[in-house]
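To start, the structure under review is shown below, and the notes come after it.
Derivation of every value follows stated rules applied to the coordinates shown; laboratory data play no part. Model, not experiment: these values are computed from the prediction. Neighbour counts are summed over all protein chains in view; Cβ atoms, including those assigned to glycine, are modelled from backbone coordinates with ideal geometry.
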Amino acid sequence: MSNDGSGQGGGHGAGRHENVLDVDDLAVHFQLQGGALSRLLGLQARVVKAVDGVSVQLRRGEVLGLVGESGSGKTTLGRALLGLVPASGGRITYHSASKGDRRVSEMRGAELRQLRTDLQMVFQDPHAALNPSMTIEEAVGHPLVIHKIASGRALRMQVAEALERVGLSPVERFLSKYPSDLSGGQKQRAVIARAIILNPEVLVADEPVSMLDMSVRAKILQLMLDLKQEMGLTYVYITHDLASAKYFCDRIAIMYLGRIVEIGPTEEIFANPRHPYTKALLKAIPEPDPDRMVPRDLPRGEIPDAAEPPLGCSFHPRCSEAVAGCGWESRDLRALLEEHWTRKLEAYDDEKALIGDLDGLDRPSTTAKVGKGGAGEVRALLDRIRAENPDEPLWSGVRGIEPAGNGVEVQFQPADSPQLRRAGSVDVACVLYPE
Ligand SMILES: Nc1ncnc2c1ncn2[C@@H]1O[C@H](COP(=O)(O)OP(=O)(O)OP(=O)(O)O)[C@@H](O)[C@H]1O
């Protein structure tokens, strides 16, 4: 398979800006509508930071993978690149091969519709992407009709050419078919034909094979690579599946809770992952040979709430390599106490009476007040819990424990969210890789 990222080929000549898209400090935040009751109670509306402070370049001719667990912001970033969701902050610049530089993040209305001729998206579910009452000829030709680019004989010729390119041939057999007459793989080929018919520069493919049978997945990915070569396309490939990204991508950006935590050449990400999250994702790839199946080693805990991500590095509560400066905070102390009581159920009643209510720890803060049974006793209990597991990294992030009222105030070392920094041939956002 040729996947050198050179982007040589038909559609778009050489000699332009080396990047097709430049993303600079992009934020996409969604305001969650609280119900009438929350408004009545004056509760603050919650904001999900689906994409937060992302800077990335899409190089002409490459396949860039966006990889991460569900909720990491891959789809939102992909949609923002095409102007399908508005940016809350930052900039997206499209260096068009023929029309100069354009600011996607500031486009509205007709300008955005026009952008569709150059930047296209292929969605996960080909069944949902095709209108069941349109023939394949109508569906694939639709972009040419709505942009008033072709009609009549010219339209039919271009549809036939696109179907031919995606391997739906002999074309006459498919023109008058409806989506329900086609297999999943054929439907996704038709969706791809519709996406390339306007001769775009960029395709953003959001899990394009994850709903297809195993047997056709590699064929569709190979088709996309062939089209990229023939038409000089550039791809963004969104997936939670690192194994397919290894096969398909030139570079991979690993996303976690709205941020890129590591980005670099595919071989380097696989051969020498730096970020503990990347390492955990790689370990979680199922081994194709069942005899060599390795145990799944997903990071501890759940993915946190994107409306209130952990302080410091968002990954620190799940990280197996966490250290003092990762951003320990009140909610981590709550999790630690609860974990301690699940192991020491017999101590729960007495200790809980000493510690008191934990709800005050739910507001993210670098100070945490606990205890109602006297400062000395509470401090001694925390010391005992610490002694049970002295290597627990949370303790290394504690700057001090001071008496406060009938309990203590635990003070954590404050930390900023780590920025992407160069480490060898990749960029990684982790305190273990300082400048
Ligand atoms: N329209 C929206 N309104 C509110 N929240 C949203 C909206 N779209 C996405 N989100 C939230 O933004 C975060 C990122 O979602 P996104 O779909 O981009 O992630 P993803 O990595 O693509 O996940 P998946 O693989 O499940 O699609 C999630 O917490 C999600 O719930």
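So the values come out like this:
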item: Hz values of 3J(HN,Hα) by residue in region 91-105 - Karplus curve (6.51, -1.76, 1.60), Gly and Pro given as x; result: 9, 10, 10, 9, 8, 5, 5, 10, 10, x, 7, 9, 8, 4, 5
item: M157 versus Q222: modelled label distance in nm, points set 7 Å from Cα along the beta carbon direction; result: 3.2 nm
item: Amide H within-cut-off set for E201, under 5 Å, with H built and near neighbours excluded; result: L119
item: Where a label projected 7 Å from the Cα of R421 along Cα→Cβ would reach, residues of region 234-269 with amide N under 16 Å; result: 261-263
item: Hits among lysines - C-alpha to C-alpha of K369 under 17 Å, sequence gap 8 or more where chains match; result: K352
item: Where labels lie 7 Å past Cα in the beta-carbon direction, separation of A404 and E230 in nm; result: 6.5 nm
item: Dipole-positive endmost among P393, F30, A284 within the chain (Cβ charges, Cα centre); result: F30
item: DSSP beta bridges in the chain [antiparallel fraction, %, rounded to 5]; result: 70 percent
item: Gain in span if fully extended, F270 to A387, counting 0.36 nm per residue against the direct Cα distance; result: 38.4 nm
item: Stretchable slack from D213 to M134, in nm (0.36 nm times residue separation minus alpha-carbon distance); result: 26.0 nm
item: Flagged links, alpha-carbon separation over 31 Å, of K187/K279; K187/K283; K177/K219; K49/K246; K49/K372; result: K187/K279; K187/K283; K49/K372
item: Point-charge dipole on Cβ atoms (K/R +1, D/E -1) for the chain, about Cα centre, debye to 20; result: 1420 debye
item: Simple spin-label estimate for L84 and A353 in nanometres, 7 Å along Cα-Cβ; result: 5.8 nm
